[in-house]
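Data block below; observations after.
The values are calculated or read from the model by the stated rules, or taken from the named source; none is laboratory data. No experiment lies behind these values; they were computed from the predicted model shown. Backbone-built Cβ (ideal geometry, glycine too); neighbour counts: all protein chains shown. Note: accessible area is taken over every heavy atom of the protein model, side chains too, but ligands, DNA and RNA are not part of it. Shrake-Rupley method; radii C 1.70, N 1.55, O 1.52, S 1.80 Å.
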Amino acid sequence: MTTQSISPELARLAANTIRMLSVDAVEQAKSGHPGMPMGAADYAFVLWSRYLRFHPEDPAWPNRDRFVLSAGHGATLLYALLHLAGFDLPLEELKRFRQWESMTPGHPEYRCAPGVETTTGPLGQGSGNGIGMAIAAKMMAARFNTPDFAVVNHRVYGIVSDGDLMEGIASEAASLAGHLGLGNLIYIYDCNRITIDGSTDLTFTEDVGRRFEAYGWHVIHIDGHDYAAIAAAIEEAQAETTRPTLIVAHTHIAWGSPHKQDSAEAHGAPLGPEETAATKMNLGWPLEPSFYIPEEVRRLFADRVAELKAEYEAWQRGFASWRQAHPDLAAQWDRQMTKALPDDLETQLLAAISPNPAATRAHSGAVIQRAARLVPGLVGGSADLTPSNLTAIQGARVIRRDDFSGRNFHFGVREHSMGAILNGLALYGGLIPYGGTFLVFSDYMRPAIRLAAMMGLQVIYIFTHDSFLLGEDGPTHQPIEQAAALRAIPNLTVFRPADGVEVAMAWAWALRHTSGPTALLLTRQTVPVLAREMDFDPKSVWRGGYILSDVGGGQPHLILLASGSEVALALGAKAILAEKGLAVRVVSMPSIELFEQQPTSYRRQVLPVPPERIVAIEAGRPESWHRFTGPEGLVIGMEHFGASAPYKVLAEKFGFTAEQVAGRILAWLQPRY
């Protein structure tokens, strides 16, 4: 028997197996969302048993189909499928759903179990990730496919829910997917018309299919429990190569439950012992044991894996022949897939910066050009702010629906989806993505940044116009709290560089740092070139904070900490304070996170004085700096919004000139010394 000739009876048995594994997992955990997996089991079974390409013994196979469960609350659906399909997810782990250190957390988490392609749960994010993966597949195909062999020819599938499609991020991402004509993308919309609050009639009565048609998608409506209709829809979607497809699968949440089908009660709570028993009886399922899997279903999935193994081995043979026939392309493939970097990366990036005063965004733009020549997998763009963020790779083409061989993205005014798409590009492999916008608009991207940090993805964020010193655009565009908010995200490395040297080294760090995202906060205004000692080691920047300007000898009376444009301000204040007889050390701290990771001995060497003799200066909220100054030290920051005026006027009005900073420090010191 092949999986193309499954009888309706066996198909129903397999779908019910998926249903009841989900029900039993939620019931045992006494927590979870059984309704969505029960309603989605039929079309999920058809997809996984007939169309999805994977190899459970090699879950990272580059040409596998990607499957994204954007409706991450239905996690047990994915766990049941992975177990049945032979991935290394033992049945015992389904029994430990939502338990400490299990492979089956409450929502799918990247790296917890093989076959989980991305962390989902915050609705809409997974849909954006899948679109990023589909773009990445197109880009890798454009770079590496040859007439004799298609290295990349897979598809991206996903399941989205009513909740996903209510979120604005999904609309942004779908709009871009339609614009780019992603014919390798197939989403199944689980249209069960139920949310936690009740029927979608409460809030969501739009015609979703027509909305997606307006975005440029191919839309198919089916009964999500009709196996023939499901198969026909998937095959129609596969035949559509110029548009992404949305299969609107009309389903019943908690299908098979006598008293909770089509009820919000089944969305986010176990069925309960009585209803679980009633559901099993209704489906002709044995009451015991729990987590029952019929042998026929085991054999069915084993047959499918055997079929797919033949496809996998054929691809491997073709790939080996391709490598021999195209050694240059093979070498580039290896460089991209391993993210190989030149040994002299730092030297080359330092050589790219201007020796003259410039905005740090301008230094970043210059570094990008050199980095792009050195790192073929570096790709990125901006949310309609390319001339301001300076993110374009000069001489490289723009990603378009008819040409994915480029490296530059125009994301449009879509920061929400840009963040999710960047995550999808990073998850795919072979690419190091970056995206730019103004720092104040990082708020739009925060959920995606948080997920990138949670998943440990190498994504680079270029956030320019990093303080009120951007000037005339006024308080709506002037970030005050954003730097502190980004620093609060675990596993996100934030750099606020002070000059070209720090920009180049921050970029080098971001390119070498493969276990988490990096944010570069960059100025609009020109900053000076900082004077450093002859023996200065640029890698000191990677320690997060370092002594930039010290006292002549002995211990300093006072230490000034600063980041970004305020480092030069601290140097100016030091000169004034020196005239008053104060021995002042200036410490540049481009990355608080990296400084706090240094050994205690190094941190004490840089900051040898007690906190009450430390002053921190940054044109933003002061919370980031109290860890160094304590309650007795001084933080010169911003605790109010900005204003519209030229930046030099704002600096004077808000107390950010060298004279004003020195005066404030002297007034603060007077009662102490």
Item to check | Number of the exception - Glu593 against (1) under 29 Å from Ala510 (Cα atoms); (2) out of contact with any Ser or Thr (no Cβ under 7 Å at 6 or more places or on another chain) | outcome: (2)
Checklist outcome for this item: Listed by range, strands (runs of 3 or more DSSP E) wholly within region 460-579 having at least 1 residues that are within 19 Å of Ala651 (Cβ to Cβ) and at pLDDT 95 or above are 460-464, 518-521, 558-562
Next on the checklist: Residue pairs, Cβ under 7 Å, 6 or more apart or interchain, first in region 651-662 and within 14 Å of His640 (Cα to Cα), second modelled with pLDDT under 95 and exposed (fewer than 14 other Cβ atoms within 10 Å of the Cβ). List them.
Outcome noted: none
Next on the checklist: I'd like to know if region 640-648 contains one or more residues that are surrounded by fewer than 20 Cβ atoms within 10 Å (Cβ to Cβ), without any contact (Cβ under 8 Å) to a residue 40 or more places away in the chain, charged (D, E, K, R) and in a helix (DSSP H, G or I).
Outcome noted: yes
Next on the checklist: If I ask for residues that are touching a residue at least 40 places away in the same chain (Cβ under 8 Å), in a loop (DSSP other than H, G, I, E, B) and either over 15 Å from Tyr434 (Cα atoms) or among the basic types (Lys, Arg) (or both), which ones from region 386-405 would you list?
Outcome noted: Arg401, Asp402, Phe404, Ser405
Checklist entry - Among the residues of region 262-320 satisfying the criterion of being on the phi > 0 side of the Ramachandran plot and of a type in the set (Gly, Ala, Ser), which is surrounded by the fewest Cβ atoms within 10 Å (Cβ to Cβ)? => result Gly284
Item to check | Qualifying position, being polar (S, T, N, Q), surrounded by fewer than 24 Cβ atoms within 10 Å (Cβ to Cβ) and either within 23 Å of Tyr647 (Cβ to Cβ) or touching a residue at least 40 places away in the same chain (Cβ under 8 Å) (or both), among Thr523, Thr476 | outcome: Thr476
Next on the checklist: Which count do you get for residues in region 388-418 that are in contact with a Gly (Cβ under 8 Å, 6 or more places away or on another chain) and either among the charged types (D, E, K, R) or open to solvent by 50 Å² or more (accessible area, probe 1.4 Å) (or both)?
Outcome noted: 8
Checklist entry - Looking at (1) in contact with a strand residue (DSSP E or B) (Cβ under 7 Å, 6 or more places away or on another chain); (2) touching a residue at least 40 places away in the same chain (Cβ under 8 Å), which is the one condition that is false for Leu78? => result (2)
Checklist entry - Is it true that Ala80 is over 19 Å from Gly224 (Cβ atoms) and either part of a helix (DSSP H, G or I) or not charged (D, E, K, R) (or both)? => result no
Checklist entry - Out of (1) among the aromatic types (Phe, Trp, Tyr); (2) open to solvent by 10 Å² or more (accessible area, probe 1.4 Å); (3) under 30 Å from Met445 (Cα atoms), the odd one out for Tyr79 is which? => result (2)
Checklist outcome for this item: Here the residues within region 358-383 that are under 25 Å from Ser565 (Cα atoms) and within 24 Å of the chain's Cα centre (by Cα) are Arg361, Ser364, Gly365, Val367, Ile368, Gln369, Ala371, Gly381, Ser382, Ala383
Checklist entry - What are the residue pairs meeting all of these: first residue in region 92-120, first residue at pLDDT 95 or above and surrounded by fewer than 19 Cβ atoms within 10 Å (Cβ to Cβ), second residue of a type in the set (Val, Ile, Thr) and part of a loop (DSSP other than H, G, I, E, B), Cβ atoms under 7 Å, and 6 or more apart or on different chains? => result Arg96/Thr104; Tyr110/Val116; Tyr110/Thr118; Tyr110/Thr119
Next on the checklist: Tell me the residue from Ile159, Ile131, Ile135 that is modelled with pLDDT of 95 or more, outside any helix (DSSP H, G or I) and not charged (D, E, K, R), please.
Outcome noted: Ile159
Item to check | Members of region 211-242 found to be surrounded by fewer than 20 Cβ atoms within 10 Å (Cβ to Cβ), small (Gly, Ala, Ser), under 21 Å from Trp48 (Cβ atoms) and within 31 Å of the chain's Cα centre (by Cα), listed by number | outcome: Ala239
Next on the checklist: Any residue at all in region 192-202 that's touching a helix residue (DSSP H, G or I) at 6+ places or on another chain (Cβ under 7 Å), more than 26 Å from Arg407 (Cβ to Cβ), assigned to a helix (DSSP H, G or I) and without any contact (Cβ under 8 Å) to a residue 40 or more places away in the chain?
Outcome noted: yes
